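The values are calculated or read from the model by the stated rules, or taken from the named source; none is laboratory data. Quick caveat, the model's predicted, so the values are computed rather than measured. Quick reminder, even Gly has a Cβ in these numbers, built from the backbone with ideal geometry, and neighbours come from all protein chains shown.
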């Protein structure tokens, strides 16, 4: 698969994607793999200039890809800014304000704190800028500033290892959507071969998108979502997920997640490069764990048991929709903008129960352009069910 998709990768491939297919995700990840550069660097070699990260004084690194220049200018993403704020103990809101209103003050603050501990070491994850021979290196991208003991588990390698695990599980599945942001990768997988009838859960419900009826389309398919972060925004994980046929709402079940954190031994200074043997061993574990997770999450017994648990609370009537959704969104710290959409979807769904609130949360998640926000909202669907049922 790697060679097949690599031919399509170009230097202009975007950094992210929303609701992409697997083929397009692989194209982007191949480009990331080509341009990524991870370096362990002392604070004395780092500075801010015009709001950008400057690396100076690092020796050229000889890697399997050739001679690599580390020195250069790297434009920070919002994720990198958060890492810089965290490592230097600068309030994130203050750093964002300086970036928006006073970049010279931002440079001064960051540089002052870097000079406090010049020997402190960090891992700087970057994308190299494209470089034409005989010209100055193009500006790169600073993706994250992290601990020098961060264990690198890249999206492309995780994806291939996890998909191998899915194949080894023996279950027929399909990838139904992929998201990629500066923070995380999400790959949603469904098995229509493991689908159960849920007439009680979907009784009286209509899709807020096209009005289709849950009474006529009561199937719920088993599935899961593979997630990884290359920048410290979460562990590699496989989380079970149910998919409603009537509206394609996805219901993640976070309490049963299988995960692995990115913590390892400290790295030496310079470009970070894993040995082939180390990578192989790490990815073999990912493959094995994914296969185990798939066998569990794609069993009929598992999905039926989870639906029974959900149905126990889902039938609780909601007599005051506005007050109930106000209570749910306030309790779960859901934004006012999302609250208004949830209420609209609840009304259009026509299911005046706690289960209808849950469905409105998951359908609203589908409408969000920001994949991280969408995933976070979908993960709140079961807590929203509980809150709505308790509120009555």
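Table for the structure above
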item	result
Members of the stretch 337-365 that are part of a helix (DSSP H, G or I), in contact with a strand residue (DSSP E or B) (Cβ under 8 Å, 6 or more places away or on another chain) and surrounded by fewer than 22 Cβ atoms within 10 Å (Cβ to Cβ)	348
Elements of type strands (runs of 3 or more DSSP E) in the stretch 113-204, at least 1 residues being over 27 Å from residue 86 (Cβ atoms)	174-180, 185-197
Meets criteria (at pLDDT 95 or above and surrounded by 19 or more Cβ atoms within 10 Å (Cβ to Cβ)) for residue 162	no
Residue list for the stretch 317-327, restricted to those being crowded, with 17+ Cβ neighbours inside 10 Å and in contact with a strand residue (DSSP E or B) (Cβ under 8 Å, 6 or more places away or on another chain)	318
Of all residues making up the stretch 207-220, the number that are in a strand (DSSP E or B) and buried (at least 21 other Cβ atoms within 10 Å of the Cβ)	1
